[in-house]
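Undergrad: Pasting in a structure now, in structure tokens, and then I'll have a few things to ask.
The values are calculated or read from the model by the stated rules, or taken from the named source; none is laboratory data. Just so we're clear, the structure is a prediction, and the values are computed from it rather than from any experiment. Note: ideal-geometry Cβ built from the backbone for every residue, glycine included; neighbour counts use all protein chains shown.
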Amino acid sequence: MAKRFVVLVVLAIVAAAAVPAAADGNKLSLGYAYLKSLEDGGGSTPMGAFVNFAPGDDSGFELDLGFHRDSDADLNSFTGALGPRFSLGEGSPFLHVMGAVLHERIPGHSNTAFGGMAGAGYDLGTGGSVSLRLGADFQMFFDEGDNFKSLRLVVGLTF
């Protein structure tokens, strides 16, 4: 499973690098995502990835997809989020607040919860059509009267 995951991420990077992005066009970001539970006794999930589609340096709607795998618990988590992104200016950090859905699967069982995430990020320009994405998001999901909070840290490439 881990080898397939790495191969998919590498193929996505190669495909995205083959299509240069316009400076003011939409941006594709993908990379590594680390998830830390903020619940008592909660652990971390160091294996994860994200894909993000957003307007270039402008404000607008953003789509974020995430995947995390906890091999100790044999748990796969998938997130999808959509919401407004607010740019603080050209070449500046951005903020976003999104509604989200979480789908978790373990062998023989799956669960879906709804919630949201809010965070900030920054695309560090490299002088070309590729930037380094750094970001942090607070996530909260609600399921049967309980809420689950986590912190997601991302690092990746923006095309």
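Undergrad: Has region 106-125 got at least one residue that is among the hydroxyl-bearing types (Ser, Thr, Tyr) and within 12 Å of the chain's Cα centre (by Cα)?
TA: No - not one qualifying residue is present in region 106-125.
Undergrad: Sticking with this one: Looking at region 117-159 only, could you name the residues that are in contact (Cβ under 8 Å) with a residue 24 or more places away in the chain and polar (S, T, N, Q)?
TA: Selection gives Ser129, Ser131, Gln139, Asn147, Ser150, Thr158.
Undergrad: Which strands (runs of 3 or more DSSP E) sit wholly inside region 43-159 and have at least 1 residues that are touching an Asp or Glu at 6+ places or on another chain (Cβ under 6 Å) and hydroxyl-bearing (Ser, Thr, Tyr)? So that I can check it myself, show each step before the final result.
TA: Working: elements: 47-54, 60-70, 75-87, 94-106, 109-125, 131-143, 146-158.
Output list reads 75-87, 131-143, 146-158.
So that you can scan it fast, the table gives a plain yes or no per residue for (1) within 16 Å of Val130 (Cα to Cα); (2) surrounded by 18 or more Cβ atoms within 10 Å (Cβ to Cβ); (3) among the polar types (S, T, N, Q); (4) at pLDDT 85 or above:
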{"position": "Val10", "(1), (2), (3), (4)": "yes, no, no, no"}
{"position": "Lys27", "(1), (2), (3), (4)": "yes, yes, no, yes"}
{"position": "Gly31", "(1), (2), (3), (4)": "yes, yes, no, yes"}
{"position": "Gly60", "(1), (2), (3), (4)": "no, no, no, yes"}
{"position": "Gly91", "(1), (2), (3), (4)": "yes, no, no, no"}
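Undergrad: So Met117 clears everything in (1) modelled with pLDDT under 95; (2) surrounded by 17 or more Cβ atoms within 10 Å (Cβ to Cβ) except one condition, right? Which one?
TA: (1) is the only condition that Met117 fails.
Undergrad: Something else: Does Gly99 qualify as being in contact with a strand residue (DSSP E or B) (Cβ under 7 Å, 6 or more places away or on another chain) and crowded, with 16+ Cβ neighbours inside 10 Å? Give the steps one after another, and end with the answer.
TA: Details: in contact with a strand residue (DSSP E or B) (Cβ under 7 Å, 6 or more places away or on another chain): yes; crowded, with 16+ Cβ neighbours inside 10 Å: no.
Criteria not met by Gly99.
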